[in-house]
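Here the structure is laid out as structure tokens; the discussion comes afterwards.
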Amino acid sequence: MSEAVVWLTIFVLSVFVGIEVISKVSSTLHTPLMSGANAIHGIILLGAIIVTGQAESTGALVVGLVAVVLAAVNMVGGFVVTDRMLQMFTRKKKKAPAGSSAA
């Protein structure tokens with residue numbers, strides 16, 4: 001079996017396992033898991049930058065740059081989603097009545 005087939009098989013199996021695991025997460029655990037995932041995405045971004053910096057061929061450089069962009073978008077998007085979810089749990093400030101004066 002060629003090395004490419006082995007890597008493709010591992011990728012496909014990891015996609016199926018990832019979908020299965022994520023679909024079983026309850027909504028109360030979603031925000032803490034997103035925070036942990038954001039930290040992991042930061043490590044992935046750092047790794048993609050390091051690997052891209054050591055690319056010796058044009059193809060490897062292009063794939064590395066795509067990996068850096070996708071990792072950055074994934075990390076920033078995760079922080080945006082986490083921030084929105086946390087805003088759902090904050091209390092809104094009460095407004096002062098219209099006739100009262102704040103002194």
Using square roots of five times the C-alpha gyration tensor eigenvalues, list the equivalent-ellipsoid semi-axes of the chain in whole Å, biggest first. 43, 20, 9
Report, in degrees rounded to the nearest 10, the 0 to 90 angle that the Cα long axis of helix 3-23 makes with the longest principal axis of the chain. 20 degrees
Going by average Cβ neighbours within 10 Å, how do the peptides 43-56, 64-77, 4-17 rank, with the highest at the top? 64-77, 43-56, 4-17
If one takes the longest principal axis of the Cα atoms in the chain, at what angle in degrees, from 0 to 90 and to the nearest 10, does the Cα axis of helix 58-87 lie? 20 degrees
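Every number in this text was worked out from the coordinates using simple rules, so none of it is lab data. Fair warning: this is a prediction, and the values are worked out from it, not measured in the lab. Cβ: placed from backbone, ideal geometry, glycine included. Neighbour counts: every protein chain shown.
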